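Just so it is clear, none of the values below were taken in a lab; they were calculated from the coordinates. These figures come from a predicted structure and were not determined experimentally. Cβ atoms come from the backbone with ideal geometry, glycine included; neighbour counts cover every protein chain shown.
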Amino acid sequence: MADDGAARPTASAQGPTAGTVFLDADGAGIAAGDLVHVVNGGDDEYGWIAAVAQRVSIADPLSETHAAGTALIPAQVVLGIHAMWPGDWGDDLRVTVERTPILETSSVGLASAGTSTLTLAAAFGLFPGSVIEAGGRLLTVAEAETDSGVVTLAAPLGADIPDGTLVASVEYLLLVERIGADGKVAEDEVFDRLALAPGHPRYIGNIVGLWDAGTGTPSESGGSVLVRIEDTTTEATRRLPLVTGVTRFLDGGTDDAGNVTDASYVGLSALDPGDRTGIQAMENRADISICAVPGQVSVTVQKALIAHCNKMAYRFAVLDTPLGSGLEAAKTHRQNFDTTRAAVYYPGLVIADAFGAPGDRRVIAPSGHVAGIYARTDIARGVHKAPANEVVRGILGFETVLSKGEQDVLNPVAVNCFRDFRAEFRGLRLYGARVATSDPEWKYVNVRRLLLFIENSLDTGLQWAVFEPNSEPLWASVKQSVSNFLTTVWRSGALEGTTPEEAFFVNIGYDVTMTQDDIDNGRMIVEIGVAPVKPAEFVIVRISQKTREATS
């Protein structure tokens, strides 16, 4: 015989009279009758194995003392609980189950072994498939008569049930808690009196929601926003009492961040809406006007976002510069784009780290806050107001503090800056509104978005004209409808001019915008021109010195 070299470390020191060796790992590969080499420096010795003991490690220490011979009964899996969505956030979910019976009553008269009926003092809350506990035995209900209290069982009784035996229905309370980084409960859900039988009105799958193990997806229906139930029960296992009072965290969740690539964000386009992923999935929504992929500064991803905005016609993209960039790096990143459908923002924003220790800070990409400023300005002032010189809410500062001199370098190349004006008592502000384009006609974000707004509104508002007779009455109605809309836009301050005629024009008609060929091919063409207002990007004050005589 020879040593095989596969050493198993021992868990504790062994005295000269020890007859048992405890291993800190399992005894795989060691069997009764084997010879083992006990290695201990110069005091090595050999011993024959008489028996290999089975050892079970308990994750949490037991709270009670248990005598030798105590039985260990393995628990059988009856239900599976899955986090509602993928990700390691699910590992913060803590689940507890308790018994909460709907019915607690007693038996009436003797129910003999071999019979399939049981009379109860009350039978409300019992349905086919319900489980009841009577005298320590769990029984399945086939039918229950509420008026008479007679319960028909799914199987004959195996033993007598005496008169007055306590009977309780078997239902459960499910407590789901999400534990925050501070160890406290951030949110919780409680579902009471849940039954395991699918036909029961309080069936756990209907109340909480089901998990489809075949597709690995949660059901849309269900009252929980945190978990879904994978029902693996059978008629037999529903009569097994669930383990109660034991708290367990879900585990195995993963964000799979290592496999998230640029292709994941760009996504796949498909004919069927349900098959679209990533940026392409935004095609499924018609009410989007501002797009961003916060924190993703890959040129591939950002150009895919711009392409999406071009394809969907009425959308505008907000782009980030890489976190940690200096001025030259920000300018270099901006040079990757020349589009009228996007704007670039710099630098990153500093916020309180909600997942760190008190006082920790985190730098985040600005595009999410910028999209919020766009929306806030649209509501408060209108889309024609430049989303700039606006306070940035919910932040502590900027990754890089820029002065007027640095902004004078970045602004001409259409890198929109954030500025710290706290020294002037004006707070933290977004201080740029330029489009990432070389086309001077579309220099400003608000001008570009105003035109997108007008185009989208007219596209939607003129759908009533489709399939109407393409003749003078229709043209007059369309011209009146468009003129009324643009007059409203002008009155809001979005268009230049002291009169509507100076602010816009609307042309439509035969030999004006359409030929006979257009009419024959079902085309109604409207020509519209607008004069959008431009922002006062620079305020110039001229001061000259005058003498007293000159002013008099």
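Among 87-100, 214-227, how do they line up from the highest to the lowest mean number of other beta-carbon atoms within 10 Å?
Result, highest mean first: 87-100, 214-227.
Send over the semi-axes of the chain's equivalent ellipsoid, whole angstrom and largest first, taken as the square roots of 5 times the C-alpha gyration tensor eigenvalues. Before the final figure, lay out each step's value.
Working: eigenvalues 961, 310, 107 Å².
Taking √(5λ) for each Cα gyration eigenvalue gives 69, 39, 23 Å.
Over all other residues within a Cβ to Cβ distance under 10 Å of P198, the charged ones net out to 0, with Lys and Arg as +1 and Asp and Glu as -1. Relative contact order of the chain: 8 percent, from C-alpha pairs under 8 Å at least 6 residues apart in sequence. Counted by Cβ distance under 12 Å from I102, the other residues give a net charge of 0, where Lys and Arg count +1 and Asp and Glu count -1. The phi-based Karplus calculation (6.51 cos²θ - 1.76 cosθ + 1.60; θ = phi - 60°) puts the 3J(HN,Hα) values of segment 164-179 at x, 5, 5, 10, 9, 6, 9, 9, 10, 9, 10, 10, 10, 10, 9, 8 Hz, whole numbers, x for Gly and Pro. The calculated 222 nm mean residue ellipticity attributable to helices in the chain amounts to -5500 deg cm²/dmol, summing -39500 (n - 2.57) over DSSP H runs of n ≥ 4 and dividing by all residues. Across segment 266-271, rounded Karplus estimates of 3J(HN,Hα) from the backbone phi angles (6.51 cos²θ - 1.76 cosθ + 1.60, θ = phi - 60°) give 4, x, 10, 8, 8, 5 Hz, Gly and Pro being marked x. Spin-label pair V78-D459: with each label point 7 Å from Cα along the Cα-Cβ axis, the two points sit 5.6 nm from one another. Counted by neighbouring Cβ atoms within 10 Å, the residues F504, F124 run from fewest to most as F124, F504. Fully extending the segment from A59 to T547, taken as 0.36 nm per residue of separation minus the present Cα-Cα distance, adds 166.5 nm. Computed from backbone phi, the HN-Hα couplings of segment 435-449 come to 7, 7, 9, 9, 7, x, 5, 10, 5, 9, 4, 5, 5, 5, 6 Hz, rounded to whole numbers (Karplus: 6.51 cos²θ - 1.76 cosθ + 1.60, θ = phi - 60°; Gly and Pro given as x).
Give me the net charge for the shell around R178: Cβ to Cβ below 11 angstrom, other residues only, Lys and Arg +1, Asp and Glu -1.
Numbers: positive: R94, K184; negative: D91, D92, E177, E187, D188, E189.
So the environment of R178 carries a net charge of -4.
Only Lys, Arg, Asp and Glu carry charge here, each on its Cβ (+1 for the first two, -1 for the last two); on that basis segment 233-383 has a dipole of about 340 debye about its Cα centre.
Under the shape rule built on the C-alpha gyration tensor, where the axes satisfy a ≥ b ≥ c, segment 104-169 is rounded, since a/c falls short of 1.5.
Let me know the charge dipole size of segment 462-552 about its Cα centre in debye, to the nearest 20, where only the beta-carbon of Lys, Arg (+1) and Asp, Glu (-1) is charged.
820
Counting only alpha carbon atoms, the long axis of helix 367-380 and the longest principal axis of the chain meet at about 60°.
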